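What follows is a single structure, written as structure tokens, with notes after it.
No value in this document is a laboratory result; all are computed from the given coordinates. None of the values given here were measured: they were computed from a predicted structure. All Cβ positions, glycine included, derive from the backbone under ideal geometry; neighbour counts span all protein chains shown.
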Amino acid sequence: MANWYIMYNGQQVGPLEKEGLLAYHPGPDTMVWCEGMANWQPLYTFPELMELINGQRSEVPHYAPGSPMPPAARVSTKDKTTAGILALLLGGLGVQYFYLGKVGAGLVTILLSIVTCGIWDVLTFVQGILMLTMSQEQFDRKYVFTDKFLPLF
């Protein structure tokens, strides 16, 4: 199977199977690229993709604009309010990271709290405030769906 890429909100998204392109609700002028191609091309230049979007467009659920991935791939069970309160109250112990499933970051936070004699706790307190003031989507992108080992701010 070929790996496809789609240009969405000015960002390259992929690799995807061709059915995965549907999650981004592409139009005929949406730029796509497939491994082995020299340049990006409009989707309408690929008859198999046009057939796919014309036949199944109504079956694909809508997603929030600006999201780099469709919600089906981005379902979070972590609540920003819970994480924020944990960061405010127990941030120096890394409890917010343990809650997010980032055990390594939680252990590093404990170590940093000990080494800095509690100064690190001030940073985790500020982190808790920021968590509480950002939207759930921003929280998911910054803390849940990130590849960063220790997402702080």
Completion exercise
Partner lysines whose C-alpha sits under 26 Å from that of K78, ignoring same-chain residues fewer than 8 away, are K102, K142, K148
Problem - Charge dipole (the chain, unit charges on Cβ, about Cα centre) - positive-most of F46, G20, F149 - result: F149
Completion exercise
Output ordering of 87-98, 103-114 (per-residue mean of other Cβ within 10 Å, highest first) is 87-98, 103-114
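Dividing the convex hull volume of the Cα atoms of the stretch 77-153 by its residue count, what figure in Å³ per residue is obtained?
On the way: hull volume 5.2 nm³, N = 77.
Hull volume over Cα atoms, normalised by residue count, gives 68 Å³.
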Handout entry: Radius of gyration and Dmax over the Cα atoms of the chain, both given in Å
Key = 20.3, 64
Exercise for the section: With label points built 7 Å along Cα→Cβ from the Cα atoms of S135 and K78, find their separation and express it in nm. Expected result: 1.9 nm
